[in-house]
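A.B. asks: Quick one: the structure is below, and I'll ask about it shortly.
The values are calculated or read from the model by the stated rules, or taken from the named source; none is laboratory data. Only a predicted model underlies this, so the values are computations on that prediction, with no experimental measurement involved. Positions of Cβ are backbone-derived with ideal geometry, glycine not excepted, and every protein chain shown enters the neighbour counts.
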Amino acid sequence: VETMNDLLPGMILEGAVTNVTNFGAFVDIGVHQDGLVHISSLSNKFVDDPHTVVKAGDIVKVKVLEVDLQ
């Protein structure tokens, strides 16, 4: 996977958390733009604060749910 065009829903990728916000975490998966993991998708359990689940620098596995090329 080298570009956004290579991404397909359902793909499982490994990446590094680059930033954590109140609404989720941004993950560098090796393409030009970081992917967003929304707070509702960070865990199987309710998450009130994403900072309690991940931090910048963490290596995580993510599943591509959708790709927005715009």
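A.B. asks: Please determine, by comparing only the residues of segment 33-50 that are of a type outside the set (A, V, I, L, M) and part of a strand (DSSP E or B), which one is farthest from LEU69 (Cα to Cα). Let's see the steps before the verdict.
C.D. replies: The initial filter retains those residues of segment 33-50 that are of a type outside the set (A, V, I, L, M), namely 33-35, 38, 40-41, 43-46, 48-50.
Filter once more, keeping what is part of a strand (DSSP E or B): 35, 38.
On the way: GLY35: 12, HIS38: 18 Å.
The selected residue is HIS38.
A.B. asks: Which of the residues belonging to segment 25-42 are farther than 18 Å from PRO9 by Cβ and either at pLDDT 95 or above or of a type in the set (Val, Ile, Thr) (or both)?
C.D. replies: Answer for segment 25-42, where residues must be farther than 18 Å from PRO9 by Cβ and either at pLDDT 95 or above or of a type in the set (Val, Ile, Thr) (or both): ALA25, PHE26, ASP28, ILE39, LEU42.
A.B. asks: Sticking with this structure for a sec: I'd like to know if segment 51-58 contains one or more residues that are at pLDDT 95 or above, hydrophobic (A, V, I, L, M, F, W, C) and outside any loop (DSSP other than H, G, I, E, B).
C.D. replies: No, the conditions are met nowhere in segment 51-58.
A.B. asks: Consider GLY57 carefully, then state whether it is in contact with a His (Cβ under 7 Å, 6 or more places away or on another chain) and not aliphatic (A, V, I, L, M).
C.D. replies: It is false that GLY57 is in contact with a His (Cβ under 7 Å, 6 or more places away or on another chain) and not aliphatic (A, V, I, L, M).
A.B. asks: Would you confirm, using the coordinates I've provided, whether VAL20 is modelled with pLDDT of 95 or more and touching a Ser or Thr at 6+ places or on another chain (Cβ under 7 Å)?
C.D. replies: In short, no.
A.B. asks: Oh, and also: Would segment 1-15 turn up any residue that is surrounded by 17 or more Cβ atoms within 10 Å (Cβ to Cβ) and either part of a strand (DSSP E or B) or small (Gly, Ala, Ser) (or both)?
C.D. replies: yes
A.B. asks: Of the residues in segment 23-32, how many are within 11 Å of the chain's Cα centre (by Cα) and either surrounded by fewer than 17 Cβ atoms within 10 Å (Cβ to Cβ) or not in a strand (DSSP E or B) (or both)?
C.D. replies: Count: 2.
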